[in-house]
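Here is the structure we will look at, set down as structure tokens.
The values are calculated or read from the model by the stated rules, or taken from the named source; none is laboratory data. Keep in mind that what you see is a predicted model, and the values were worked out from it rather than measured. Here the Cβ positions follow ideal geometry from the backbone for every residue, glycine too, while neighbour counts run over all protein chains shown. Protein only, heavy atoms only, side chains kept; ligands, DNA and RNA dropped before computing areas. Shrake-Rupley method; radii C 1.70, N 1.55, O 1.52, S 1.80 Å.
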Amino acid sequence: MAEPQFRTPKGTHDVLPEDHQYMTYIKKAVRHRCRQAGYRRIDPPIFENRAIFERSIGEHTDIVEKELFLVSGKAAAGQDAEQGVEYALRPELTAGICRSYIEHGMQQLPQPVELYAIGQCFRYDRPQKGRYRQFHQVDLEVIGLKDPSLDAQLIHVCMKILKDLQIADRLTLQLNNIGSADNRRAFTAALKDYFIGKERHLPEIDRRRLQSNPLRLLDSKEHDTQILLKSTPTLDQFIDDASKLYHTTLVEYLEELQIPFTSNAGLVRGLDYYGQTVFEIWDGSSGAQNAVGGGGRYDGLIELLGGSPTPGVGAALGIERMIWHMKQAGIKAPNKDQVDVFVAQLGPDAKKMCLQLISELREYGVHTIGALGEASLKSQMRLADKFGARFTLLLGQMEVKEGKIILRDMAAGRQKSLSFGKAVPEILKLLGSEHLDTYSMTDQLGNVVDSGD
Ligand code: HAM
């Protein structure tokens with residue numbers, strides 16, 4: 001095969017039909033679990049004013065400093081540059097959803113407002129296993145109330161989704177409380193004090209972090225930093241009583257819901273908007289690398305984006321990483337794309353008659369393809385085989401004349417001739433009503449929509 005002239009951009013991939021089977025399966029679990037828990041779906045735009053991300057996620061985070069995908073489309077730069085607006089592709093969904101909450105006055109709604117989103121996110125990261133420049137997230141947000149029972153319920157919904165996908169037992173829930181903003185300020189000041197005169201012992205990357213985002217030292221992957229941290233002040237020494245109480249109550253609720261977790265005092269998350277509860281869902285074997293999900297409480301975020309002070313808690317799960325785990329665990333998403341019937345025909349009259357037949361079979365919920373071209377019956381049969389069709393209906397010139405059709409069971413290699421009018425009922429009987437892909441469109445009043453034909 002010739003080398004293709006164009007390929008997907010680095011760090012992106014086509015979601016091919018086989019992977020869509022997984023995606024559809026995951027979305028189904030998400031939709032059901034979210035609806036059961038009162039979440040409603042929202043879709044913020046794929047790109048937003050870049051300031052929204054910079055302000056929310058934090059200017060000194062990897063996501064903003066290195067990974068923001070800036071949109072430099074001609075129209076965007078031309079029209080909006082006049083107003084000084086620059087756009088970025090969304091690296092996550094929380095910031096956009098909070099912007100939307102403010103913009104649409106959702107504080108007027110009964111609180112908390114529970115929202116979920118499923119969609120593409122973009123991070124200009126160095127691509128590697130499980131890390132892409134375009135990936136998909138499932139995102140859940142609970143905005144407007146603060147109570148540990150909300151944190152517990154949110155985590156519960158996430159774990160239910162992972163259980164539905166049969167991958168929960170491959171993962172561990174890591175939990176921490178990073179206290180209030182004041183607590184973190186006091187801690188980072190103490191950390192900076194501690195390192196006065198000792199900075200040179202820190203690896204270069206962490207020396208920079210000590211200035212820009214000292215909290216990130218706690219989850220540094222650098223071995224030297226890990227060792228140094230053993231003798232530094234620790235964050236838990238600075239957590240106030242209210243945060244501690246909040247955390248112990250959350251822990252009680254998680255235990256009540258029988259959700260296992262690991263307390264992880266080093267867990268701080270890579271986004272700045274968090275306070276109090278933070279959690280991540282780790283691969284049981286590789287740990288922090290390629291976490292399947294993460295989230296936490298962000299009580300200051302809405303105010304930071306210009307709204308009135310409003311608490312919130314949320315989480316996101318990475319779809320590609322969930323699919324990876326499903327494949328590793330040997331979980332197969334149901335294949336709903338099978339071809340039930342291939343209709344082969346020869347001659348103009350047969351072709352015309354087939355169009356009605358195909359339409360009728362589809363209307364009954366039979367996955368049908370056919371009347372594809374002018375090839376010989378023999379090569380159409382070969383094609384039916386390649387499509388994996390269970391049955392083939394053959395209509396040649398002779399059959400048209402006699403009002404008959406040939407029905408072939410592809411796996412058994414058996415065929416019989418029957419009258420043309422019997423073809424549909426016979427196929428329906430052979431497939432069984434439970435295998436028919438039927439649906440009805442029902443509106444809010446319960447009226448079934450008649451498609452009219
Ligand atoms: P996050 O930890 O940055 O959190 O991302 C959540 C999940 O998205 C990760 O655990 C991972 O599964 C997936 N993910 C992130 N980056 C990539 C990538 N480059 N390639 C593939 N998958 C990736 C957030 O985004 C927060 N907004 C979560 C949140 C919601 N917090 C509160 N509400």
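Tabulated values for the structure
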read-out	value
Neighbour-limited loop hits for trypsin sites (Lys or Arg not before Pro), the range 144-248 (at most 14 other Cβ within 10 Å; DSSP other than H, G, I, E, B)	K198, K221, K230
Principal semi-axes in Å for the range 230-302 [√(5λ), Cα gyration tensor, largest first]	19, 17, 15
Compactness index (Cα Rg / 2.2 N^0.38 Å), the range 274-332	1.48
Lysines whose Cα lies under 28 Å from that of K422, excluding same-chain neighbours fewer than 8 positions away	K336, K351, K352, K378, K386, K401, K404
Compactness index (Cα Rg / 2.2 N^0.38 Å), the range 341-435	0.96
Dipole magnitude (debye, nearest 20) for the range 1-148, charges at Cβ of Lys, Arg, Asp, Glu	500
Note, ³J(HN,Hα) from phi for the range 111-128, Karplus 6.51, -1.76, 1.60, rounded to Hz, x at Gly and Pro	9, x, 8, 9, 10, 9, 9, 9, x, 6, 10, 9, 9, 7, 9, 6, x, 7
Radius ratio Rg over Rh of the range 191-275, counting only Cα atoms, Kirkwood formula for Rh	1.04
Difference of contour (0.36 nm per residue) and Cα-Cα distance, D409 to K129	96.4 nm
Percent accessible area from carbon and sulfur atoms, the chain, protein chains only, probe 1.4 Å	51
Per principal axis, descending, Cα span of the range 34-188 in whole Å	48, 43, 40
Length released on extending from Q226 to E59, taking residue separation times 0.36 nm less the Cα-Cα span	57.7 nm
Residues of type lysines that K66 reaches as a straight line, Cα spacing below 18 Å, ignoring anything fewer than 8 places off in the same chain	K10, K221
Equivalent ellipsoid semi-axes - Cα gyration tensor, the chain, angstrom	55, 24, 22
Calculated FRET efficiency for the pair K28/L372, C-beta based, R₀ 30 Å, to 0.05	0.45
S308 accessible area, 1.4 Å probe, all protein chains in place, Å² to nearest 10	70
Relative contact order [Cα under 8 Å, 6+ residues apart], the range 297-453, whole percent	17
The chain, dipole about Cα centre (Lys/Arg Cβ +1, Asp/Glu Cβ -1), debye to the nearest 20	1420
D437/Q111 FRET efficiency (R0 51 Å; Cβ-Cβ; nearest 0.05)	0.80
Nearest-0.05 FRET efficiency for K327 and T234, computed from C-beta distance (R0 45 Å)	0.70
Rg/Rg_globular for the range 157-197, with Rg_globular taken as 2.2 N^0.38 Å and Rg from C-alpha atoms	2.01
